[in-house]
């Protein structure tokens, strides 16, 4: 946890983000729950880190790393595409599906719902496997 806070503060400095803007970014990521990055959960910290990495100068060598749950969501979407259940295998298509499921909120705004989305996608895959087994 402290490592993530240190990474946020380092990126905040690299991206030249003043403290007031930082507090507003934290409020946005936490959906108004807090203005302190120390009170963010791990997923929210990772989202803030990604945001700051995008804002930091490109020559700093920072590498974007997605949180594990987000990787799982995109992986399951790819498996659905491979199974022929979705037409487009892209993050944008997955994000669009998730926004509909989340009633207009983005994945970044709904970190607490990531587990639910993973379960929905798993269940979708499982239903497809059962249909395939029944047809065989």
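The values are calculated or read from the model by the stated rules, or taken from the named source; none is laboratory data. The structure displayed is predicted, hence computed values, not measured ones. When we count neighbours, we look across all protein chains shown, and the Cβ atoms used for this are built from the backbone with ideal geometry, even at glycine.
If we only count helices (runs of 4 or more DSSP H) wholly inside the range 4-104, which ones have 3 or more residues that are modelled with pLDDT of 90 or more and in the same structural domain as residue 118 (by TED's automatic domain parsing)?
68-82, 91-101
Being touching a residue at least 60 places away in the same chain (Cβ under 8 Å), in contact with a helix residue (DSSP H, G or I) (Cβ under 7 Å, 6 or more places away or on another chain) and part of a loop (DSSP other than H, G, I, E, B) is the filter here, so list the residues in the range 105-120 that pass it. Within the range 105-120, 108 is the sole residue that qualifies. Among the residues examined, residue 71 qualifies as loosely packed, with under 13 Cβ neighbours inside 10 Å and under 15 Å from the mean Cα position of the chain (by Cα). Among the residues making up the range 74-114, those that are surrounded by 13 or more Cβ atoms within 10 Å (Cβ to Cβ) and under 24 Å from residue 4 (Cα atoms) are 74, 107, 108, 109, 110, 111, 113, 114.
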